[in-house]
Amino acid sequence: ETTASLIAQSNWGYNCAGYEGTEGVDAGMGMADIFMTSETRQNAQDKGWDRALPSTELLDAAQTRQLLPSYIGQETKVYGAAVNRQRSGYVRTEDIGRVFMEIMIKRRHQIWTQTELTGLIYTEGFQVVTQTKYSGHDWETVSGHDMFPETVGQFKTWVRGQDPGAGTNDAPFHGLIVCTGAAPELVNRIDMDTTRQLVAAMGNIVVGPPNMVSDTDSRIGVVLEEYHMYMRSTKDRRLAVGGGMWIPAAKAAAHTVRTLPYKREIHTYGEIWGFTGDQYMKQAYIGQSLVEHPDTLKQGGARPLCHFGNFPLIKLHPFAPVVINTGMGVNGFIMSWKSGQIASDLLLTQREMLLTPQVSQGSDGGGGASTPWARNGWSYIGAPKDPKSSDPP
């Protein structure tokens, strides 16, 4: 089967109208996993990915190079790819915040930007009153050479803002889902076990200069499979590469999650992939070319890691309509959609259970036959004597 037939517009899916390209080799919209070892490609072939998954195609090395030149560059270790272009709803990275806000506002939700949750109060009617404060910070771009003479590129850095003040008590909510980047001071006050179940893992992001990605490559996301590197294009054709994982010291976790530093030599604790962000990126040719470019912007990101590994940590409060939804590590971009749905379902179910008489608590502390796991999942067992309680319960 030729490359031309693999990239036919009819293969690009129902939701790509207007974005398919018109002629020649065009990656289209979707996702491509590039295999950097022959073993990985052979494993995909043996498992019949192209037959088991109707929307996935397996390409050989030549087809992959022809389809994705902007992402591969002069990389020598390319053995093929698994490409999915048929279920490819696509939102560019820089548009995610705007699209999310538009969806929420259209449904009459409120969006509080630059706001930090500091406390919770639970009312007699099983509602939650949030206590918040202004986060008080900003961001600026600093030349790497100004920071360290031998450093190339630019860094997006955190800048302390005005004094946030005393904060506010906001209107009560019927329920609350707490999604944290693993600086969970508030969460730890609600559930002490979280300190042992969640750590503040961090990642690295580099964004190159404009017009590095061709029009034909710009609508597809790419993963260099064995390197755990995710790449995509911005609107102005900058190549953005994310990946890596490191864990800051516990006493510095809250500050690190807020400031989101790019990993450098001073961050000598908790390396998982790469001693520095630059070292991690240099696994691949395209990453090396980016970190050595003076116009590349380097920044960090939070990817909270729980004791389940790269899997969600979803915890339902034992007596209040509160759910924690975090964890997922490097898999947040593929698991957050489902974990958010599960958290929402749990929250609605919890509120219904709170307003319904429950079976008395058994000797196992499980909170009744209908919810044996809800209270066992938390370090605080059983409901409070007084239904009106403030954080911590």
If you check every pair at least six apart or on different chains, which have Cβ atoms under 7 Å apart with a residue in the range 60-71 that is without any contact (Cβ under 8 Å) to a residue 60 or more places away in the chain and in a helix (DSSP H, G or I) first and a residue that is among the aromatic types (Phe, Trp, Tyr) and open to solvent by 30 Å² or more (accessible area, probe 1.4 Å) second? ALA61/TYR79
ASP46 vs. criteria modelled with pLDDT of 85 or more and either open to solvent by 50 Å² or more (accessible area, probe 1.4 Å) or not hydroxyl-bearing (Ser, Thr, Tyr) (or both): yes
Whether any residue in the range 261-281 is polar (S, T, N, Q), touching a residue at least 40 places away in the same chain (Cβ under 8 Å) and either assigned to a helix (DSSP H, G or I) or buried (at least 19 other Cβ atoms within 10 Å of the Cβ) (or both) is what I want to check. no
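Here's the yes/no breakdown for (1) at negative phi; (2) among the charged types (D, E, K, R); (3) modelled with pLDDT of 85 or more:
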| site | (1), (2), (3) |
| --- | --- |
| ALA254 | yes, no, no |
| LYS263 | yes, yes, yes |
| GLY274 | no, no, no |
| ASP278 | yes, yes, yes |
| MET281 | yes, no, yes |
| CYS306 | yes, no, yes |
| PHE311 | yes, no, yes |
Got a sec? Which strands (runs of 3 or more DSSP E) wholly within the range 98-160 have at least 1 residues that are open to solvent by 70 Å² or more (accessible area, probe 1.4 Å), out of contact with any helix residue (DSSP H, G or I) (no Cβ under 8 Å at 6 or more places or on another chain) and closer than 25 Å to THR276 by Cβ? 137-143, 154-160
Do you know which of the residues in the range 199-222 that are open to solvent by 40 Å² or more (accessible area, probe 1.4 Å) and part of a strand (DSSP E or B) is modelled with the highest pLDDT? ILE205
Would you pick out the residues in the range 118-166 that are at pLDDT 85 or above, among the acidic types (Asp, Glu) and within 30 Å of ALA320 (Cβ to Cβ)? none
Hits in the range 286-338 - residues which are farther than 26 Å from TYR122 by Cβ and part of a loop (DSSP other than H, G, I, E, B): GLU292, HIS293, PRO294, ASP295, THR296, ARG303, HIS307, PHE308, ASN310, PHE311, MET328
ARG196 being modelled with pLDDT of 75 or more and surrounded by fewer than 14 Cβ atoms within 10 Å (Cβ to Cβ): yes
Checked GLU94, GLU75 against criteria (modelled with pLDDT of 85 or more, surrounded by 13 or more Cβ atoms within 10 Å (Cβ to Cβ) and not in a strand (DSSP E or B)); the one match is GLU75
Looking at the range 14-43, which of its residues are within 25 Å of the chain's Cα centre (by Cα) and at pLDDT below 50? ASN15, CYS16
Assess whether ASP295 counts as being open to solvent by 50 Å² or more (accessible area, probe 1.4 Å) and within 23 Å of THR157 (Cβ to Cβ). yes
Of the residues in the range 232-241, those that are open to solvent by less than 10 Å² (accessible area, probe 1.4 Å) and touching a Gly at 6+ places or on another chain (Cβ under 7 Å) come to LEU239, VAL241
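The values are calculated or read from the model by the stated rules, or taken from the named source; none is laboratory data. Since the structure is predicted, the reported quantities are computational estimates derived from the model, not experimental observations. No Cβ is skipped: glycine too gets one built from the backbone with ideal geometry, and neighbour counts run over all protein chains shown. Only protein heavy atoms, including side chains, enter the accessible area calculation; ligands, DNA and RNA are left aside. Shrake-Rupley method; radii C 1.70, N 1.55, O 1.52, S 1.80 Å.
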